[in-house]
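To start, the structure itself, in structure tokens.
The values are calculated or read from the model by the stated rules, or taken from the named source; none is laboratory data. What you see is a predicted model, and the numbers here were worked out from it, not measured in a lab. All Cβ positions, glycine included, derive from the backbone under ideal geometry; neighbour counts span all protein chains shown. Heavy atoms of the whole protein, side chains included, go into the accessibility calculation; ligands, DNA and RNA do not. Shrake-Rupley method; radii C 1.70, N 1.55, O 1.52, S 1.80 Å.
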Amino acid sequence: MTGRVIKFYNSFFFVEVAGELIPCKLRGIIKRDKKIGSAVFPGDFVEISRLKDGSGVIEKILPRRSLLNRPAVANVDRVILTFAAAQPDLHPLLLNRFIAQAEWSKVDEIIICLNKIDLIADGENFLKSYEPLYKIIRTSARTGEGVENLKEIISGGVTVFAGPSGVGKSSLLNSIEPSLSLKVGEVSEKILRGKHTTRISELIKIGGGFVVDTPGFSAVDLKECGIDEKVLRHCFKEFKNFATTCKFLNGCSHSHEPNCGVKAAVERGEILRERYEIYLALLKELSTD
């Protein structure tokens, strides 16, 4: 039988097959296969065999369309990078770390969700410079602004909500589907960082799709996601068209080389300078680690 892994809990992979959730163990030969290891993630499609006690055994992991490394979720259709407009304030460097990770994971659709938009005066224009690159939705779990739009977006496929702690991911999901009753943490007044309320990644059925409320992170280690200084430039999608005019076509890092098409586009205002400067900061970080 073929099914989808919904969650991992108490040493069991819970696999949904035809609407039934079957607790499964991993076949030993798969554990010993060094190409696979014991890595089975929520979202994976697997083949299982059924045991007499009603549980199952995962016999085969089917090929993945995508894999989001942190949090680890397979076959993701879209990732909604959720940040707060305030409390805690949005830091562009952290936002772009999440964007780089999502780009490298080959996720089909990347959306930026700005929650708590009711806390700032000019919410409509907040992060407007990123709109040519990514779809941006502005929401407030408290007032309900943008919640219906968000509900429509996640109505099909697998959607991962990722972002720092305290930005209101669980609150938004509770607004969309009150019956979820996901645990919500308050932001510490002392350090203005959210407490980690989500501990494991789990596919949650909402309407015709699945959502994943992921653990909040204060930082994203790009190297842990498989990103190094040689591939970082591919995580900034606006570089692609201009990189074809670089003097060193295949080896240009877009940092110090002469006649660089990306640097020229920055000077002309065709690439957002903030994004380029963050790229340089991340490139330096990866080069010195």
Here the residues within region 84-134 that are open to solvent by 30 Å² or more (accessible area, probe 1.4 Å), among the polar types (S, T, N, Q) and modelled with pLDDT of 90 or more are Ser129
Is one or more of the residues making up region 205-214 assigned to a helix (DSSP H, G or I), closer than 23 Å to Leu127 by Cβ and modelled with pLDDT of 80 or more? no
Of the residues in region 69-83 that are under 15 Å from Gly157 (Cα atoms) and not acidic (Asp, Glu), the one that is most open to solvent (accessible area, probe 1.4 Å) is Arg78
Members of region 38-48 that are open to solvent by 40 Å² or more (accessible area, probe 1.4 Å) and hydrophobic (A, V, I, L, M, F, W, C): Phe41, Phe45
When region 19-37 is examined, which residues are found to be surrounded by 18 or more Cβ atoms within 10 Å (Cβ to Cβ) and at pLDDT 85 or above? Ile22, Cys24, Leu26
With the condition kept exactly as written, say whether any residue in region 49-60 is at pLDDT 90 or above and crowded, with 20+ Cβ neighbours inside 10 Å. yes
